[in-house]
Every structure is written in C-alpha cells, then in structure tokens.
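Enquirer: This is the structure I have questions about; it appears just below.
The values are calculated or read from the model by the stated rules, or taken from the named source; none is laboratory data. What you see is a predicted model, and the numbers here were worked out from it, not measured in a lab. For neighbour counting, all protein chains shown are included, and Cβ atoms are generated from backbone atoms with ideal geometry for every residue, glycine included.
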C-alpha cells in the first residue's frame, strides 16, 4: 500500500491504520504483518538468493554434491514451563525442525541466552538440562554459546536464540516453491495442541484441559519420510500462524492453489472446544511438533506409512491436495460441501467478544 | 462436541435447505441481525447452498463494528493516561479511532490488556489498588449481564479504582430503525439467539405486529441458521408476520429474568450513536445515577471528546443491509483486516471481515465490485 492509491469513485471509509511507524505485537504473530515486515524491512537490506528463497532454513552449496543448511530462531515463550515442554526444549526443537524442513540432517546448534537479573539459578539449570535432553533425542550437539544479562524488568526471565547447521544431499530440492498440482497435503498429527496448551498454562482461560504441547524434534521423522520417497516436494512446520498461514505461504511461493477438507483435519476435542470458547480457528493455532508435507500423489501411501511408524507421525493424515487454481490461495471444503477461502493470519490472534 | 456437532451435521443441514427450496415460491430478502450469524453463514458457505430466491443481508449486530468513533477516541485517551490499566475484549484493540488504535497505545507504553471476562478486570483492580483499572464495556444485550456484574461486584468490594467505559447497544430499536427507513428492503429477520437468551423475545412481538414482518429467533450453527431461515420463509409464504423461536434449546419468551433484573439495576435506556448509522433513540444503555461513580467517561473527564465520522463511509450502508461488503470499491484493495478502513473490516464478526476472509477468491464477487 505504498503511495499509489487507485482512483476511487464513490464512498470509501476514512480510517487507515497501518502500523508502519512502530512495531506492534502483530508484527511477530507469524501472519501477514510479519511477512510484510520481512519483505519491507529485512529483504531490501539483506537481499541474497538463499534468504529470498523464503524457506525455514537458508541453503548454500558447500562442496560438490553437498549443501549446508543454516537456520536461526529466537524463543520468548511465556510461561517458561508449560505442559509437555519448556523454553529450552522449544529452543532446540524449533531450530532442529527448521533445518529438517529443507530435508537436511541437523548436526550442530549454537545457543545464546539473554537472562534477566534475578532469574533463579534453578530455573536456568532446568532449562539447560531440558535443552540437552532434546539435543540427545535429535542427535545433535550444542557446540557454542553466548550469555548476556540485562537489568531486572528489561526481559521476561529468559530468552534463548539458537542457530543450527545441517547438511543435505544437493540432489534434494525441497522448498516452499516446489508444490505441484496433484500433490497430496499431509500433516503429521493433530493441530493446535501447542498454542492452546501454552495459552492454558498462562492461567488466563478460566478452564483446564489435559492438553500437552506437541514440541518435539522432527528430524528423524523427516529422514524416514525421505527414505520412503524422493518425491517429497515441500516440508514445513506450521508454527506461529498455524497450518493456515503455512499452507498460504506455500501456495503463494509455488503459485498453486491448495484445497484442504474440513472433515479430514485431525483436531483433538480439547483444542476444538477451547477454540470454540475463545473464538479461535485451530487452523491458526501454533504447533511445535508437527509438519506439513506436500508429496507426489503416487508416493503418498508410502510416505504416510513411513510417517505412521514414527512416534511423532502416528496420527498422520492426508488433509488436502494441490491444484493449479486459484494460484496463491488456500481453500477449504467445509463439512457441508461448500468452499471458502482460508487466509493467512493478519495480525495478533485475538479472542472475540461473543 | 455435545450441542455443537449435532448442529453441524451435514445431512440435517442439507435436508433443511432442501425443505426451504420446496417451500419457497418467490424471492425473499432476510436480514440476520447478528455478526456471529454472518460469520457462520459465510464461514460455512451457507449462502452458496441456499436457493437463489433467498437473499441474506447482513445486519448491524456486531458490537465492535457499531461502537462509535468518539467512544474509541475516549478509550484511546483513557488508555494513554499513565497509571491506568485499560482492559478490553480482544477484538476492540484493532478498531481504529480518529488517530491510532489500542495496539498503538500499547506500543507507545500504555498498559492495555485483553481480558476474557469483565470480572477479570475487577480482580485486576483488587490486585492493583494504586492503579486505575478501566473496562471497555461494549456489546449488545448478550454481554450486558457480565458487564453489569463487574459494576455490582466492584460496588460490593467498595473498589474506588474501577470504572467502565460504556457503549452498550440494544437490538430492538435497531430493527425499528431499519424498518422505518425509506430504503428498507428487509422482509424478514433472523433475531440473534444469544441476545434473546438474555432478553427473551417479548420485545419483538409488538415490532412484528406494527411492521407486519416475521421475526425468527435463530442460533448460530449451520442447522440453527437454516432452521431459522426455513421458519421465516414459511411465515413469509403463508403471509403471517409471526415471531417464532427456532432456538428452543436456549431461548424462552421471557428470557433470563435474573439477568434482566441485574441489567435494570445498573443500566437505564439512553439514545446511542451507532458507528456508520447515527443516533438511534433509546437504543443504548448507560449507568444509572446510583452507579455513576463507575463511569469512566466522568472519572477521566473525556465526555467532551467529539469525533466526526466521514459521511462517506460505506460501513453504515453495510450495517443497514443496503450494500454488500464487496460492493465497496476499497474492499480487499485499500481495506483489509490488517489495515481496516472501517469498523466492519475490523472484527471477525464484521460483515466485511467475513467476506474478506472467506470469500475474496470468488469470481462473482469480483464482478459485483465493478
């Protein structure tokens, strides 16, 4: 919306509110505001091919036949501990998964810590122990790090940034722009578990569930899928912004249309119940241990079988398919058989009034 | 989910739609009052499945959308005062005032918090005796009982640091305003089920009589909505301007009398400005004199804040059912949910937002927009 307003005839509403002068929380919600921020502020300065590919990890050629995948992720979750995980596990799995989503095998992580003055040592020790447990499970080492302390009140306890390195066979070409008409859309399990579990752990909802965050390292699952088929075209972990935002991004990057079916989405009753009460759509809720895979139709069953053998893919399901039209759009076939658009999350996810 | 999944059952919904198709002999224009119903209709694509003879126009029942500009400006002024904790239902944060929104106030250091219940705001006032806590009490009859309970609770706890910024509106005067308009096209109403759960439907009987128009109390799930439409179409085809109840599992004629009693204890009727529409007599509620110490407008002396809405804004026409969102030239081009030009694009319940989120790909709408 820069500069050129179309010549409008007739009435229009008078109240633009663009949030271009200050950062608001919506800029970090994984939806359209964040995409605009990346496009308008970061891309023009940092412009280079691996970055502009727009995948979870940047990929560069290392030697003949071998590529290096690099990814980084900052973690600022509140509360620090929640059912099923904590900020440490999240910090390791988040980066491991981003590396895995280009088909690479993650090997090493760095970790930098921003600690708030007054943080209890016991909390830090628990978080670090949890990081090592996650690293063990993923089969990676945390080989370097950095620590900074800021004054009380200048941070929310503890922030962790991790950067990961992984290697991949350069014959693999997995990325958001590789979806093809006919591809089947697979999800590795139930959606929205992490977002609702964390929201509940904040104690603001006034109701309780037995939900646990799904945070998990998915690199082994990815390797098993890739052993089953060379026709996995796209992998993405639907974190902030949820399945809706991730599939929209893929549709846009590949210039294809994606149709998902409401009836085939795996959603736990606790998640759909919480979403009903809060006015949320599970398609926009964050996941930290799930992946979306867009796979050639002929190989779908093989990939699905491989996924279901892994503990993190037991409830894997086909939720939709790719078509040529409408390019750049995600559509949903409702349970009633009608079709509607599913857009990216726009700003911050807000509970409705009634 | 019990009481939800049954009402989304595809077979039952499609069966009701074919019953509607069997009964209908001529075109009818119906208005669903509530933004929650609009959202459900568009989200489930019900309008794609209904017979073409049914035209649904979207009513003014989105509390976020009809809150007048000057109230938003008052909220922004109060929320910007140092020391104030300003609390609100989530989707009010995005509504643009004359300058900025509550997100901007928060980004500039204001303490703006989303609460899930007004009683959370009362608790915040208890926990922060040295801070002023203000709750943005907007809504229709639906949210009124909870909002007045916060005042009753604060009064009971003798809190002197709690107040509410009131912008309550009532459905029946809005229906009358639409029916009295010379441009009115609406031939039947789907009344808002949750409003009627509180208020009953006794208020609608004289309106149906006076304007000779059928009104059906209707819920929010696909089966509720299609049953509401079926009942209204049957009334229209039979030439009977009846008030019917198609939301029997929740609504009685008398409504929730305890809730009505607490509302009457705290609120009294007043004229209220509706964003995009103008002032409708007796269409709002304000605090009664006995509770005036909880009035944030008086406490923070923002009563004189005035804001003029542009007379050009099409959201008023959308809210009256005279225009569809995609008939606005700014729709989906200049006006999007992350950059709303008008209130109907702001809330999830706003008609423009529903069209934007679920519709913007269809070719038909592209043609309409010309």
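Enquirer: Tell me, which helices (runs of 4 or more DSSP H) lie completely within the stretch B:256-327 with 1 or more residues that are at pLDDT 95 or above and buried (at least 16 other Cβ atoms within 10 Å of the Cβ)?
Expert: Hits in the stretch B:256-327: B:257-266, B:296-299.
Enquirer: Kindly indicate whether residue A:160 is within 30 Å of residue A:270 (Cα to Cα), touching a helix residue (DSSP H, G or I) at 6+ places or on another chain (Cβ under 6 Å) and not assigned by TED's automatic domain parsing to the domain that holds residue A:313.
Expert: yes
Enquirer: Can you spot a residue in the stretch A:236-248 that is within 23 Å of the chain's Cα centre (by Cα) and assigned to a strand (DSSP E or B)?
Expert: yes
Enquirer: Only residues that are surrounded by fewer than 23 Cβ atoms within 10 Å (Cβ to Cβ) and either more than 9 Å from chain A (Cβ to nearest Cβ) or under 16 Å from residue A:25 (Cα atoms) (or both): list them for the stretch B:106-117, please.
Expert: B:106, B:107, B:108, B:109, B:110, B:111, B:113, B:114
Enquirer: Residues that are within 11 Å of chain B (Cβ to nearest Cβ), in contact (Cβ under 8 Å) with a residue 40 or more places away in the chain and surrounded by 23 or more Cβ atoms within 10 Å (Cβ to Cβ): does the stretch A:318-326 have at least one?
Expert: Checking the stretch A:318-326: not a single residue is within 11 Å of chain B (Cβ to nearest Cβ), in contact (Cβ under 8 Å) with a residue 40 or more places away in the chain and surrounded by 23 or more Cβ atoms within 10 Å (Cβ to Cβ).
Enquirer: Could you count how many residues in the stretch B:55-72 are at pLDDT 90 or above and surrounded by 21 or more Cβ atoms within 10 Å (Cβ to Cβ)?
Expert: 3
Enquirer: Right, next: Can you go through B:165, B:119 and tell me which one is in a strand (DSSP E or B), closer than 30 Å to residue B:203 by Cβ and assigned by TED's automatic domain parsing to the domain that holds residue B:75?
Expert: Answer to the selection: B:165.
Enquirer: Residues A:88, A:118, A:94, A:103: which one is crowded, with 18+ Cβ neighbours inside 10 Å, in the same structural domain as residue A:65 (by TED's automatic domain parsing) and not in a helix (DSSP H, G or I)?
Expert: Every option except A:103 fails the conditions.
Enquirer: Still on this structure, I have one more. Please tell me if residue B:90 is closer than 27 Å to residue A:205 by Cβ, within 13 Å of another protein chain (Cβ to nearest Cβ) and at pLDDT below 90.
Expert: Judged against the criteria, residue B:90 is a match.
Enquirer: Turning to a different aspect of this structure: Give the stretch A:202-216 a look and list any residue that's in contact (Cβ under 8 Å) with a residue 60 or more places away in the chain and within 14 Å of chain B (Cβ to nearest Cβ), or say none.
Expert: A:202, A:205, A:207, A:209
Enquirer: Follow-up. Can you name the condition, by its number, that residue A:309 falls short on among (1) at pLDDT 95 or above; (2) within 14 Å of another protein chain (Cβ to nearest Cβ)?
Expert: Every condition holds for residue A:309 apart from (2).
For (1) at pLDDT 75 or above; (2) within 27 Å of residue A:77 (Cα to Cα), each residue gets a yes or a no:
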{"site": "A:3", "(1), (2)": "no, no"}
{"site": "A:14", "(1), (2)": "no, no"}
{"site": "A:18", "(1), (2)": "no, yes"}
{"site": "A:24", "(1), (2)": "yes, yes"}
{"site": "A:27", "(1), (2)": "yes, yes"}
{"site": "A:39", "(1), (2)": "yes, yes"}
{"site": "A:49", "(1), (2)": "yes, no"}
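Enquirer: Count, please, the residues in the stretch B:181-199 that happen to be more than 17 Å from the chain's Cα centre (by Cα) and at pLDDT 95 or above.
Expert: Matching residues across the stretch B:181-199 total 2.
Enquirer: Restricting the search to the stretch A:54-72, which residues are touching a helix residue (DSSP H, G or I) at 6+ places or on another chain (Cβ under 9 Å) and at pLDDT 90 or above?
Expert: Result: A:57, A:58, A:59, A:60, A:69, A:70, A:71, A:72.
Enquirer: Out of curiosity, is residue A:281 closer than 25 Å to residue A:88 by Cα and out of contact with any strand residue (DSSP E or B) (no Cβ under 7 Å at 6 or more places or on another chain)?
Expert: no
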